[in-house]
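Here's the structure, in structure tokens; my notes come after.
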Amino acid sequence: MADPTESVTITDNRTGESVEVPLVDGGVDAKAWAKLMPGVWFTDPGFSVTASTTSAITDLDGANGILRYRGYPIEQLAESSTFLEVCYLLLFGELPDQQQMDAWVHDITYHTFIHENMRKRFMEGFHYDAHPMGMLMSAIAALSTFYPEAKDIFDPDNRYKQINRLISKGPTLAAMAYRASLGMPFVYPDNELNYSENFLSMMWRVAEPQFKPDPVLAKALDVLLILHADHEQNCSTTTMRVVGSSHADPYSAAAAATGALYGPRHGGANEAVIHMLEDIGSYDNIEPFVESVKAGESRLMGFGHRVYKAYDPRARIVKEQADKVFEVTGKSPLLDMALKLEEIALNDDYFKSRNLYPNVDFYTGLIYQSMGFPLDMFTVLFTIGRMPGWLAHWQELLEQEQRIARPRQLYTGVGERAYTPIADR
Ligand code: SDX
């Protein structure tokens, strides 16, 4: 008998039979109903009240705006850690000691190069105006053809090597996508620079013998990557797990996750926020825009969240980083409008009643734009940041020996009918 204070009882009124199910880790095992009600499915489009897995990686408390990676508060990691250290933490569960960190940084640093066929024939094959996310998603999938051994997903050493490549080559591919769009030559990785500095070098270096990144901007980028590194079962991470559950290789799964992140409801929101602010255009238009949102005619991009019903803790840290970046780059001309929009929304019942607060995307675009990134590179930056989270969840599902993802449905279509020749239709 389960502890009645920590269990639920469900009764099928058609038969009067009941089943008692314990509450475990905040959830109940849906399979417990199967014996009581075979063929009865729980419907939850969008999975808003469904736990698709157990996980020990990231803990979100949406009601209180809490985010922890492997138990460490995001505020402490943003303040004291580095993106590569956070990658290690997410993937291996503990903060590395100095020897582990040195080995990890070495392995990442020395896998940043891309096969020349990828550089010359693949990346240069896109149209000049190809969206970098389309290029990056394709390039990540293409990597599976260069590393066919990645299919051996149950060999831990092999998994480590592919995880390494996906984290180390992300910035190289991203910078290639940007440089190709300008018709500029690709910049090879500079192994004397750290992860974020090297990405800025591959983005911006022109003719100088070595790129000298601004330390404030490189640090701000590193913090932003930390903030994006994982977020439990968001749309793209769920995609990574679903594709991973078919035992596809990690490049194919990561390419699918990149596609999910591309959508404006998800990772594409940072780009959409800037378009929204530019469309609003001036202070005078803020109130009318807010009214159009409340009338359901527009969406306040960068606001709202399926889990957070409080201020996204990442948005607060992003705002702090924005102040540091703007001291170097000059204040974004859109910042004051964004601050005014936030102030109005946070005091308006429409938004308060729906628990709509700024999410991680509301301010990040202002920083990226001030650092010189074009709008279509914003979600590419999100992809680089989220890669370790996707890979940590992919690895976790394999270690959990999870079954293939295959939900059921409620059929609401027509019943059986006979085929009729076209002449009789
Ligand atoms: C990310 O899941 C994650 O963790 C994602 C993420 C991560 O790190 O992986 O945090 C990153 O994707 C952040 C979210 C970025 N997206 C945006 O900023 C786009 C704008 N926001 C939304 O479209 C929306 O808020 C979602 C998609 C984020 C959440 O959608 P839900 O949970 O399905 O909520 P909903 O669409 O059902 O809205 C509930 C109500 C509705 O009003 P009513 O129908 O009840 O009257 O809130 C309203 C919506 O109209 N609403 C908004 C709104 N978001 C929700 N109204 C205006 N503006 C908005 N942004």
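Structural remarks
- Inter-centroid distance (Cα atoms) of the range 75-115 relative to the range 150-227, Å: 14 Å
- Solvent-accessible surface of protein heavy atoms, probed at 1.4 angstrom with all chains present, puts PHE146, PHE113 in the order PHE113, PHE146, largest first.
- Each residue was assigned an accessible area with a 1.4 Å probe, and for THR82 the value is about 60 Å².
- Counted charge near VAL293, where neighbours are those whose Cβ lies closer than 10 Å (Asp, Glu -1; Lys, Arg +1): -1
- Of ASN164, LEU366, ASN117, farthest towards positive along the dipole that unit charges on Lys, Arg, Asp, Glu beta carbons give the range 83-401: ASN117
- For the chain, the Cβ-based charge dipole about the Cα centre amounts to some 1100 debye (Lys, Arg positive; Asp, Glu negative; other atoms uncharged).
- Springs between Cα atoms under 10 Å define the GNM used for the chain, and in it the highest mean-square fluctuation of TRP204, TRP390, TRP33 occurs at TRP33.
- Here the dipole of the range 143-257 is about 240 debye; that uses its Cα centre as origin and unit charges on the Cβ of Lys and Arg (positive) and Asp and Glu (negative).
- Annotation: LEU346 carries an accessible surface of approximately 50 Å², with a 1.4 Å probe and no ligand, DNA or RNA atoms counted.
- Share of carbon and sulfur in the accessible heavy-atom surface of the chain [1.4 Å probe, %]: 53 percent
- Probe 1.4 Å, all protein chains present, accessible-area order of ILE404, ILE344, largest first: ILE404, ILE344
- Cα-derived Rg to Rh of the chain, Kirkwood definition: 1.01
- Helix content alone sets the calculated 222 nm mean residue ellipticity of the chain: runs of n ≥ 4 DSSP H residues at -39500 (n - 2.57) each, divided across all residues, give -15500 deg cm²/dmol.
- Helix runs (DSSP H) in the chain reaching 15 Å along axis by Cα, Kyte-Doolittle at least 1.6: 215-227
- Counting lysine pairs in the range 83-401 that sit 8 or more residues apart in sequence, or on different chains, and whose Cα atoms lie under 25 Å apart gives 24.
- Neighbour net charge for MET123 - beta-carbon separation under 13 angstrom, K R +1, D E -1: +3
- Length-normalised contact order of the range 83-401 in % [C-alpha pairs under 8 Å, at least 6 apart]: 24 percent
- Cβ-based net charge around GLU197, under 15 Å, with every Lys or Arg adding one and every Asp or Glu removing one: -2
- Ranking THR11, SER55, ALA248 by how far each Cα lies toward the positive end of the dipole of the chain (charges on Cβ) leaves ALA248 at the top.
The values are calculated or read from the model by the stated rules, or taken from the named source; none is laboratory data. Please read all numbers here as calculations on a predicted model, not as lab measurements. Note: ideal-geometry Cβ built from the backbone for every residue, glycine included; neighbour counts use all protein chains shown. Please note that ligands, DNA and RNA were not included when accessible areas were found on the heavy atoms of the full protein model with its side chains. Shrake-Rupley method; radii C 1.70, N 1.55, O 1.52, S 1.80 Å.
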